[in-house]
1. Given a 1.4 Å probe and the protein chains all in place, what does the accessible area of Thr349 round to, in Å² to the nearest 10?
2. Find how much the distance from Ile380 to Ser74 grows on full extension, using 0.36 nm per residue of separation minus their present alpha carbon separation; answer in nm with one decimal.
3. Rounded to the nearest whole Å², what accessible area per residue is found for the range 201-459 with the 1.4 Å probe?
4. Have a look at Gln165, Ser252, Gln144 and report the one farthest towards the positive end of the charge dipole of the chain, computed about the Cα centre with Cβ charges (Lys/Arg +1, Asp/Glu -1).
5. List the GluC sites (Glu not before Pro) within the range 115-194 that fall in a DSSP loop (any state other than H, G, I, E or B) and whose Cβ has at most 15 other Cβ atoms within 10 Å.
6. Take the Cβ-Cβ distance between Lys292 and Asp192 as r, set R0 to 22 Å, and report the resulting FRET efficiency rounded to the nearest 0.05.
7. Could you please state, rounded to a whole Å, how far the C-alpha centre of the range 100-122 is from the C-alpha centre of the range 400-442?
8. Cα centroids of the range 219-297 and the range 133-195: how far apart, whole angstrom?
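The values are calculated or read from the model by the stated rules, or taken from the named source; none is laboratory data. For clarity, every value in this text was computed on a predicted model and none was experimentally measured. Reconstructed Cβ throughout: ideal geometry from the backbone, glycine too, with neighbour counts over all protein chains shown. Side chains are part of the model used for accessible areas, which takes the heavy atoms of the whole protein and leaves out ligands, DNA and RNA. Shrake-Rupley method; radii C 1.70, N 1.55, O 1.52, S 1.80 Å.
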Amino acid sequence: IECVSLSPMMEAVPAPPESERVCVFGTGDMGRSLGLRLLQAGYGVVFGSRRPHSSSSLIPHGAQVLGHAAASQSAHLIFIAVQREHYDFLVPLANQLKGKVLVDLSNNLRKNQYPEANAEYLQSLVPGAEVVKGFNTLSAWSLQNGPSDANRQVYICGESVEAKQAVIAVAIKLGFSALDQGFLSVARELEDFPLQLFPQWRLPLRIAIGLSAAFFFYLLIRDIIYAYVTQSKDISFRIMVSLANKVCPIVSLIMLSLCYLPGVLASFLQLYRGTKYRRFPDWLDRWMLCRKQLGLLALGFAFLHVLYTLIIPIRYYVRFKALVLIINTPLSLSLSQIRENRTTQFDTTTAWRGDSYLSLGILGFGLYVLLGITSLPSVINTLSWREFSFIQSKLGHLTLLLCTAHTYLYGWNRFLSSSTYKWYTPPGYMLCLVLPSVVLLLKLLLITPCVDRTITRIRQGWERGADQRNPKDSQPLIP
């Protein structure tokens, strides 16, 4: 339980004299934050403590603190804000708690710490009470500062419908959205929920780490080890910046492609089946659910690529090469060019390629950032579904197109040179172009008028063969 201090201004919120009373067992951070929130919502709050006299200075102003036995007599709804190890004090109070609603807020330090859920154990200690599991997914900070978009939901479970309704009413009055998860047997799942560490990020992180490691060692062999073996040159210093600046854009482009590939596959699957009323395979479902995380990681790698690129001019290696080039330029060559009135020929094609390469990179990164901003919950809530879909789908594919074109211009005609294929292996940028090129080609097929018309009809409820089965349903169904 995290430590939260209650400011003097917030402590001075008195409860109305005729408000409904609730009881909170526990005067720790969680109990005090919940009590303060209940006071602000208009409830009368009585704290139950094993040391009521020493705890009186800790509780919010306007609440009472009594012993457990006395406090249990003051309210029908009691919040148990203590850890499971301290539930023993409830056994002598079993008769006094009979018929009351006990809300268990406890969590464990690890999964499967005990053979049964804390709420089920509490129910066995006080069989006459109605135990409800709830509020355990909230932190003391969120209770003190009020609900936000990220932690507005409160999960509830219990055996008694009336008891759950009472807890749900309190949650709604506190500004939260209560979700009834069913019977008390679900309590273990609710208790494991706060222990999850980035559950939706695991697959994207594994993909990002795997791709980074694979391309790092691949480029290490092609660039660093190859130069040492064939030319006896030690350029290992390039690992820190040059190699990293190759790995980051490669991984970024592949992960951006992985964001849009499942949507393309889902469309072709619906075309093949001729209906939208069949579930996608589990692997495709999981893939589509983590697209946001894949995109944010891709944006992170793109940011790193930009930062690495910006520091190139200040690297010692770059400044040293520029200085050597100036020193080693023959003065006689410059003088002869002046005497003969000769100038270096300007290559318009190279200029076009360089400017286009930089421009597409800047535009692609700008749209990249826009996609990342619109994935924030605070921004999503201000957009309609059509606006969100336009940004994430239309502009998302445009971002993929610009970044892919940026990479193609980087390679230009290098694929024609045999020196590009060190140890007969293609460079990293060639490998990373395979997936985005496939995604863009498949998307191009989907937006052709004949295919797009069929996909739209399927998503409106039309099914292939439905016209023959029921002539009355020949028109597309509107879901």
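1. Solvent-accessible area, nearest 10 Å²: 80 Å².
2. 105.7 nm
3. Averaged over the residues of the range 201-459, the accessible area is 62 Å².
4. Positive-most Cα among the choices belongs to Ser252.
5. Glu116, Glu159
6. Calculated value: 0.45.
7. So the two Cα centres are separated by 55 Å.
8. 38 Å
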